[in-house]
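This report refers to the structure that appears directly beneath it.
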Amino acid sequence: MQKIIDKLNTIFEISDIIEDSSNFSFLTCKKEQAISMITHLRDIEGFSHFVILSVVDWIEDEKFQLTYILNNPDKKIDIAIRVFIDRNNPIMDSAHHLWQHVATYQRELKEMFGIEFPNSPRLNESFILEGWDNIPPMRRDFDTNKYSEETFFPREGRTTNDPSEYMKNKLYPDEK
Amino acid sequence: MNQTIIKLLYTLLGLFIVLNWGMLMGATMRKIVARLAGRYGIPIYQPWISLINLYTKRTSITHGMMFYLGPVFRLGGGVGMFLFIPMIFGSEHFSNFSWSGDLVLILYFQFFGMLGMALGAGEGGHPYSIIGISRGLAQFTTVEIPMTLAVISIAIQYNTLSITEIVAAQQGSIFNWTLFTNPLATAAAMLSLLGIFRHAPFNLVKAPNEIPIGPPTEYHSSFLGVLRTNNAILHVVEAVLFMNLFFGGATNWIELIVKSFFIYFWSVFVGVVSPRFRIEQSVTWFLKIPLVIGILAIIIFI
Amino acid sequence: MSENDNKKKNTEDRFLAEENKQRIVISPEGEEITINPLEDYFCDERPEIVAPKNKVVEKFLNWARAESLWVLGFGTGCGSIEIPPLLTPRFDAFRFGVQMRPTPRQSSVIIISGYLAVKTLKRVIRSYEQMQSPKYVIALGSCTINGGMYYDSYNTINRLDYYIPVDTYVTGCMPRPEALLAGFNHLKERIKAGKAEGANEYAEKFDWYKANQKKIIKDWNMPDYNW
């Protein structure tokens, strides 16, 4: 694993190397070099299985963090590549020419977060939501509770039991 | 004139008895299959309640004249078969309208019902109905082949085409039955019976887990009621036809009930332990062994 | 006023499917005609109220309808995993007269098992309107009552009876098969008492139901009443 990371360090600019366990590491990469690094990992290093493409919404730093996880089935090691893109103008290069199913992950991210992947096949078709005309719902500035109360008709008389409050009242009834 | 009206009334009485016995027999068979599976099964009176339920639905959708005529054709085929088969041998009342050449007419009515149903279901506009019809007709075409060969064989054997005379030739003792005098024809016809009653392994056309139910997909409320009524009549009438041709006929209603029960039971017996054939498998199955047995049955008598 | 019209036209155009737009086609005779599928192909009939017959006959018919319930085999949510155990030997539902049918034309009961996403609600409405009257609805689980576990989701509905009329609610998450059988018994008693007239209620308050449905289903590419 260390040899692969050293070799990557000589070719690309990577930072923030975290070793989660002996066969799983995280790297952070620049946006322009990400697709070529993934191609290098797939063709030369043997990471031929694409596991997942996921997104974390850092709304305070105004960034989206994309995470590509790849797996090497021969050596049985995983590697995760993190890419930071701008939140206000989220465009990322598409990776659908490397694996065909990446197009589905990119379709989901376009619908749920609004990230554009130019030239990805069938990107603008609705994936799960039909007839959606609001902001992409998985972003953290979308208040889903408020939207649900306004659109769907909630039934009055609903009570919730918060477990921590219930236990606090039960165990420490004197404290407020 | 008076005699014809009395005969007509007796025929209607016979039809009523056959209808009720058909529903009771169907419920009993379903209960037997359920007990085999370890369940209690439906109550015995369930077919009557289902029929009341279907006939008294408040709305129904029609797709045109042919859609309405499809179940009518099918019921016409079933009742037409009933009208020309003598039920009780030797009884003047319950011999219906059988005459000298009725065996060929029976075979015609068998196919006529299925064709009419196909035309009606195609009008329904549902694409799955059309797939179901093409499957059903393909299967029925080859199911009829061993049956027709067996009928020709016993027509040559008994030298007549009238069912009443065939039944008369089988009276006497149990060893006069066609089962013992012409076993090849009986074997071919009993194998074809499995396809006619449409239990497993030949129930792909109408199974609810397949492309939804095949031809009766779009049929509902009273249309489906007519189809189910016809189903009940047709089962008993087919069993009675086989009983007259191969198993000695019946001289009273008790014998008819017992014999038709066991003939229907043969197909249920095979069906409970069998999986389902695909259409191409079932079509080619009938063109292998049953066809050979039928041809042998004819060659013996030529 | 024209700005509002333009805005409404814009949002309507966004979700209108390709095959429903107004366009020019060449007819089989060879001439060019303009078709407007929303007017030409879709029927705008409304459901009608079919009143029950007189008291004695209706009582007998209701008894017959309660003894033979044909359920549509459409598993809408996670509660549909409780329906196959009903057909196994342990909880045998056939002895109660309950059978599963594959098409909505032939069934009289639809079981809404669990949450309904907006996508599924469109299909459920289509199936429900194709059923023949009298028809009944059983709602399983707490998601149909007040939204249940998914009350704050952007894609699931909260109250089922604002969209289709409901006869019986069975609480639980998910209700066990015994609870579902108790629900069937409750539905049977309701039918025999003559109170289960969901189809007529749907026809009476058709505009209200349709407004609720159209509020959340924005790509309504089908006729108003899918009979």
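The helices (runs of 4 or more DSSP H) found wholly in the range C:106-192 and carrying at least 1 residues that are of a type in the set (K, R) occupy C:118-130, C:177-192. Residue-level analysis places B:V283 outside the set of residues that are surrounded by 15 or more Cβ atoms within 10 Å (Cβ to Cβ), touching a helix residue (DSSP H, G or I) at 6+ places or on another chain (Cβ under 6 Å), farther than 23 Å from B:I152 by Cα and not hydroxyl-bearing (S, T, Y). Comparison of B:G64, B:G113, B:G70 shows that the only residue that is of a type outside the set (S, T, Y) and either closer than 20 Å to B:A250 by Cα or in contact with a Lys or Arg (Cβ under 9 Å, 6 or more places away or on another chain) (or both) is B:G113. One residue alone among A:N23, A:N9 is farther than 27 Å from A:Q100 by Cβ, at pLDDT below 90 and surrounded by 12 or more Cβ atoms within 10 Å (Cβ to Cβ), and that residue is A:N9.
The residues of the range A:23-46 that are farther than 13 Å from A:Q65 by Cα, in a helix (DSSP H, G or I) and in contact (Cβ under 8 Å) with a residue 24 or more places away in the chain, listed by number, are A:I35, A:S36, A:M37, A:I38, A:T39, A:H40, A:L41, A:R42, A:E45.
For the range B:44-72, filtering for residues that are assigned to a helix (DSSP H, G or I) and hydroxyl-bearing (S, T, Y) leaves 3. Every condition in (1) surrounded by fewer than 16 Cβ atoms within 10 Å (Cβ to Cβ); (2) away from chain C (no Cβ under 14 Å); (3) not acidic (D, E) holds for B:I32 except the one numbered (2). Scanning the range B:122-133 for residues that are farther than 17 Å from C:Q130 by Cβ and more than 20 Å from the chain's Cα centre (by Cα) yields a total of 4. Just one of the numbered conditions (1) farther than 30 Å from A:M138 by Cα; (2) more than 16 Å from the chain's Cα centre (by Cα) is not true of C:C173: (1).
A single member of C:M131, C:M100 is within 13 Å of the chain's Cα centre (by Cα), touching a residue at least 24 places away in the same chain (Cβ under 8 Å) and within 12 Å of another protein chain (Cβ to nearest Cβ), and it is C:M131. Scanning the range A:116-165 for residues being modelled with pLDDT of 85 or more, more than 9 Å from chain C (Cβ to nearest Cβ), surrounded by 14 or more Cβ atoms within 10 Å (Cβ to Cβ) and assigned to a loop (DSSP other than H, G, I, E, B) gives a total of 6. What are the residues in the range B:188-209 that are surrounded by fewer than 20 Cβ atoms within 10 Å (Cβ to Cβ) and farther than 18 Å from B:G26 by Cβ, if any? Of everything in the range B:188-209, those that are surrounded by fewer than 20 Cβ atoms within 10 Å (Cβ to Cβ) and farther than 18 Å from B:G26 by Cβ turn out to be B:P201, B:N209. Within the bounds of the range C:75-84, is there any residue that is surrounded by fewer than 19 Cβ atoms within 10 Å (Cβ to Cβ) and within 10 Å of chain B (Cβ to nearest Cβ)? Within the range C:75-84 (the criterion being surrounded by fewer than 19 Cβ atoms within 10 Å (Cβ to Cβ) and within 10 Å of chain B (Cβ to nearest Cβ)), the answer is no, since none of the residues qualifies. Within the range C:201-227, the set of residues being away from chain A (no Cβ under 14 Å), surrounded by fewer than 19 Cβ atoms within 10 Å (Cβ to Cβ) and touching a residue at least 60 places away in the same chain (Cβ under 8 Å) comprises C:A203, C:E204, C:F206, C:P223, C:D224, C:Y225, C:N226, C:W227.
Among the residues of the range B:135-160, those identified as surrounded by fewer than 16 Cβ atoms within 10 Å (Cβ to Cβ) and either among the small types (G, A, S) or not in a helix (DSSP H, G or I) (or both) are B:A138, B:N159. Evaluated against (1) at negative phi; (2) in contact (Cβ under 8 Å) with a residue 40 or more places away in the chain, C:L61 falls short on exactly one condition, (2).
For the range B:105-124, the criterion of being surrounded by fewer than 19 Cβ atoms within 10 Å (Cβ to Cβ) and outside any helix (DSSP H, G or I) is satisfied by no residue at all.
The values are calculated or read from the model by the stated rules, or taken from the named source; none is laboratory data. As the structure is a computational prediction, the values presented were derived from the model and not from experiment. With ideal geometry, Cβ positions are generated from the backbone for all residues, glycine too; neighbour counts draw on all protein chains shown.
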